[in-house]
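Derivation of every value follows stated rules applied to the coordinates shown; laboratory data play no part. As the structure is a prediction and not an experimental result, all values here were calculated from the model. Positions of Cβ are generated from backbone atoms using ideal geometry, with glycine treated the same way; all protein chains shown enter the neighbour counts.
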Amino acid sequence: MRTCLVVDDSKVIRKVARHILETLDYQISEAGDGREALDLLNDTNPDVILLDWNMPVMGGMEFLAELNRLDLSVRPKVVFCTTEHASSSIRDALNAGADEYIMKPFDRETLKSKLEIVAAA
Amino acid sequence: MGLSEPSARLLTALVEARTGQRCDTAGNWRVESRLGGVMASRGLTDMDELVGRIVAPGGAGLARDVVDAVLNNETYFFRDSETFNHIGRFIRHMHDRIEPGRTLRIWSAGCSTGQEIYSLALLIAEELDGLEGRPVELLGTDVSTSAIRRAERGEYNQFEIQRGLPVRRMLRWFEQQGESWRVQPALRAMVRFRSHNILEAAPAGFFHLILCRNVLMYFPGPAREAALARFSDALVPEGGLVLGAGETVLGRSDRFRIAEDFRGIYEHLTDFPPRAARLG
Ligand SMILES: C[S@@+](CC[C@H](N)C(=O)[O-])C[C@H]1O[C@@H](n2cnc3c(N)ncnc32)[C@H](O)[C@@H]1O
């Protein structure tokens, strides 16, 4: 079973994502901000991280920088998932090391498709 | 108000006569919800009345709108992405075989809103280096005029653009226009669209590759066989035919065989009664 860590400060978004991911046979863990997500990474190494941009304590970009500093044997794929839609923001996220990008709101087909793309890469 | 049994039957017959698609309209909520849009635009509240107007004199335009609304237009970029790898290799293989300078022609029959043929254009531009300057003609056709209009415009909303398309390709080949994304002129220039019904004669000339994916599955057997025969007539010998995942020519046509080196592609046979076409 593939595993996904959902990092988002919105409980509602986490719930929606969890619901969809379950139908896609993912095992899910959740974090409310980047700091919490980093702590979780100590004992779980998910295949994919679904990452929000704006969060309290530690936002998505900062989390990504921290993730890049970690010495992981297999780095999880990072899919940014955010309401930032400007192509300049998308470029920034990719340059910072994100693998894919989802513009919120998303539906099941979007999420499924993006997960397939990172899984195939 | 819902669709009565006789009206549903009439509608099913209309759709089949126009498109070959046998779809069950009775009790089909998707059909009913789509017809809701057509009714609203004409100020109608009753589905039976809608069907009544179609068969009344002057109903041809309405009939077309209704058929458009009922057809399943679902599509997305790089659908069955694995298949696109094989298609890319097949195009390269064709390119290597045919005379330099000759136009390579590809037809997407039932192209819906264009994602399939734009995926091909993107593949050729990005992965096949534009086939070293060889002229390429990509033709997308569909019986739905509204789908063709959208395909020509090449503009996709946030949900459509994110389906099947890797984000890097989106940034490279599409322009952001407010909340939507539009295919860049360079790709648009590679593709032509027109409305065309698969039940009728194929567009003129010969193609090196035909895609007809997720269209024939709702055709009853004889209509499917006839369509495959017309594709065969429109293909060069050893040209390729791609159907949707789970669709097959086997048992429906003896003019194709599974292409050994290209999974998902049927190769057009050369050794059935001769035709005017020559490879090249
Ligand atoms: C489900 S979509 C498939 C689109 C695309 N080929 C794909 O695989 O993603 C089927 C399309 O076939 C079109 N279609 C149905 N009957 C047709 C016919 N007789 N002639 C041409 N197009 C047809 C529909 O309008 C619709 O856009």
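Figures for the structure shown
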item: Trypsin sites (Lys or Arg not before Pro) restricted to region B:172-280 and DSSP loop, no more than 10 other C-beta within 10 Å; result: B:R278
item: Fewest-first ranking of B:T83, A:T83, A:T110, B:T145, using other Cβ atoms within 10 Å as the exposure measure; result: A:T83, B:T145, B:T83, A:T110
item: Over region B:5-70, relative contact order from alpha-carbon pairs under 8 Å, at least 6 apart, %; result: 33 percent
item: Stretch in chain B that is longest and holds no GluC sites (Glu not before Pro) that DSSP places in a loop and that have at most 16 other beta carbons within 10 Å; result: B:1-73
item: Phi-based couplings in Hz for region A:48-55 (Karplus 6.51, -1.76, 1.60; Gly and Pro marked x); result: 9, 10, 9, 10, 6, 8, 8, 9
item: Chain B: angle of helix B:29-42 to the longest principal axis, Cα-based, in degrees nearest 10; result: 70 degrees
item: Angle in degrees between helix B:221-234 and the longest Cα principal axis of chain B, rounded to the nearest 10; result: 40 degrees
item: Unit Cα scatterers, Debye sum, region A:57-121: log10 I(q)/I(0) for q = 0.12, 0.14, 0.21, 0.29 Å⁻¹; result: -0.31, -0.43, -0.93, -1.34
item: For region B:47-58, 3J(HN,Hα) per residue [Karplus equation, 6.51 cos²θ - 1.76 cosθ + 1.60, θ = phi - 60°, Hz, x = Gly/Pro]; result: 5, 5, 5, 4, 5, x, 5, 4, 7, 6, x, x
item: Sorted by Cβ density within 10 Å, fewest first, the residues B:T103, B:T270, B:T19; result: B:T103, B:T270, B:T19
item: HN-Hα J in Hz across region B:11-18 - Karplus 6.51, -1.76, 1.60, θ = phi - 60°, x for Gly and Pro; result: 5, 4, 5, 4, 5, 5, 5, 7
item: Dipole magnitude of chain B about its Cα centre (Cβ charges: Lys, Arg +1; Asp, Glu -1), debye to nearest 20; result: 420 debye
item: Cα long-axis angle, helix B:81-97 against chain B (0 to 90 degrees, to the nearest 10); result: 50 degrees
item: Relative contact order of chain B, pairs being alpha-carbon contacts under 8 Å that are 6 or more residues apart, as %; result: 18 percent
item: Structure-based [θ]222 nm, chain B - -39500 (n - 2.57) summed over DSSP H runs of at least 4, per residue, nearest 500; result: -12500 deg cm²/dmol
item: For region B:81-276, alpha-carbon Rg relative to the globular expectation (2.2 N^0.38 Å, N residues); result: 1.00
